[in-house]
Amino acid sequence: MFRNIFRSHVASMAAGASAAAFVGSSYFSRHNIDNDSARCEKKADDASTVVGLLQGLSESMKRVEVTLGTANLSSDFSKSQRHGIDVVLGAQWGDEGKGKLVDMLSQEYDVCARVAGGSNAGHTIVVDGVKYKFHLLPSGILNPTAVGLIGNGVVVHLPSFLKELDGLAENGIQHKGRVFISDRAHLVFDFHQDVDGTLEYRLGRHKIGTTKKGIGPAYASKISRNGLRVGDLREWDYFEQRFRALAEHHMQSYQGLEIDIEGQLEYYKSIAPRVLSMTCDTIELTNKKYKEGKKILVEGANATMLDIDFGTYPFVTSSNPSVGSVLTGLGVSPKKLRGIYGTVKSYCTRVGEGPFPTELDTDEGVGHHLANVGAEFGTTTGRPRRCGWLDLPQLKYSATINGFTSLNLTKIDVLTGLDTISLGVAYKHKGQYLATMPASLAELKDVEVEYEIMPGWKEDISQCREFDDLPENCKNYIHRIEEIVGVPIRWIGVGPNRLDVIDRGEEFETD
């Protein structure tokens, strides 16, 4: 890295030859790197040799790097600046509108990937009047030239996966040779889904609010090391033995659970050839595509506040839908990440149970407006979403964890027509301001949210395509979010249609 930095200054230093000669002489008088650099020092008083001097130093530094075994670090670093892996993440509790941004961005990407979760996620994309609902597949597959990857961090319910593929084919989306599943991805079985429902029922009023898609039980099998992976279908005897043991274990653990073991084995044996034709080492494939200079986009599922580690535990999902899942669920180095795009609604919503500091009553008033104008019903469950004001302490917490380079602010048009808009700007607990989002659910449920009241706007903004076209009060709302969170807002969703987005350009991203 130091060698690259030094080389980047060669031209400007050569232009000021006398000054550069002095710098070179001073440098070598302090650092006797080797005999080559010492010989260069003797000639440093001749301005015409400055460039040669610097090249000699560069070669000396190269030899030092080779000795330390780090010669390739600088080339990898510079490469990552030219291209890299971009990530779209949910910054709240999910359903923020990630799919719309992914749909817009994916037209320029070569690879689109899912890295965590399973069919509990949901993206809805409308193209030419046709509605596509994605649960397992990356929605970027709508780009006819893109490759879709399901990484090793995803848990896959193969019946749902194949049904989703068939649905795309029925709508004219050709996917042959464009969809690949990691051989390391774990499988979700029907009995995982049955167990998910059973566990939720047993919790009664303390239920988590899961989608009952078997995600938690499948990850539990993975962590317990008795799960099966997609690649296990290659060795049928091994798969059959492991499946029987896993099914028996679940029937013994959950009274009344019945599993048609023979029927299930027959089904998986019948689909194995089709599934295996799409199965590969996605770690190798992803890194190969990266080295080839291909543009890679990761579609985050769920959201940061549902993260098993960072979310409102236990009211969370069973994976890490934050930025770390890109590394563990795709098998790439953090050096290869470039843009990290946090998607946030202009207000807050949540499906399922758990604390929600800025929640409003959706039966009346502003809460009713947000729920109905925003059509707030879950893509996967169809359940009505809880709604509330935008929570900036929560958003700052999410930005801290993920290191967002820019934000995608969605559905700001839903706020149109409100006389005033409240913006949650701080938490207080027992009279004391909190520096961050607390881990304790009891404390979070008990926080007092401090609001700033901002004037609303009445103008229709759905046709706005430039930031300056927005009403002044709308722009002020956006600026205030940027000011408090400390992350620029690049994209602004102004309507329900595919192209109802303002893109302020790459200059509205941080490094």
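Every number here is computed from the coordinates shown, using simple stated rules; none is lab data. Note that the structure is predicted; figures quoted are calculated from it, not measured. A quick note on method: Cβ atoms are made from the backbone with ideal geometry, for glycine too, and the neighbour counts reach across all protein chains shown.
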Expressed in nanometres to one decimal, the distance between label points 7 Å along Cα→Cβ at Leu434 and Asp309 is 2.1
Could you give the Stokes-Einstein D for region 389-436 in µm² per second, using the C-alpha Kirkwood radius, 4 °C, 1.567 mPa s?
101
For region 313-361, what class follows from the C-alpha gyration tensor (a ≥ b ≥ c being the square roots of its eigenvalues): rounded when a/c is under 1.5, otherwise prolate if a/b is larger than b/c, else oblate?
oblate
Cβ-derived FRET efficiency at R0 35 Å, Asp190 paired with Lys294, nearest 0.05:
0.45
Can you give me the C-alpha center-to-center distance between region 105-184 and region 392-446, rounded to a whole angstrom?
31
Just to verify a number: FRET efficiency for Thr124 and Asp460, C-beta to C-beta distance, R0 = 25 Å, to 0.05?
0.60
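Within region 336-377, which GluC sites (Glu not before Pro) sit in a loop by DSSP and count at most 13 neighbouring Cβ atoms inside 10 Å? Before the final figure, lay out each step's value.
Working: sites: Glu353, Glu359, Glu364, Glu376; in loops: Glu353, Glu364, Glu376.
Listed in order of number, the matching sites are Glu364.
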Sticking to Cα atoms, compute the Rg of region 185-279 to one decimal and its Dmax as the biggest Cα-Cα distance, whole number, in Å.
13.9, 44
Sorted from fewest to most neighbouring beta carbons within 10 Å, what does the list Trp491, Trp93 look like?
Trp491, Trp93
Based on the mean of other beta carbon atoms within 10 Å per residue, what is the order of 165-172, 365-372, most packed first?
365-372, 165-172
Can you list which of the trypsin sites (Lys or Arg not before Pro) found in region 447-494 are DSSP loop residues with at most 14 other C-beta atoms within 10 Å?
Lys458, Arg465
Inter-site label distance for Arg498 and Thr400 at 7 Å from Cα along Cβ, in nm:
4.0
If R₀ is 41 angstrom, what is the calculated FRET efficiency for the pair Asn473 and Ser277, using the beta carbon separation as r and rounding to 0.05?
0.15
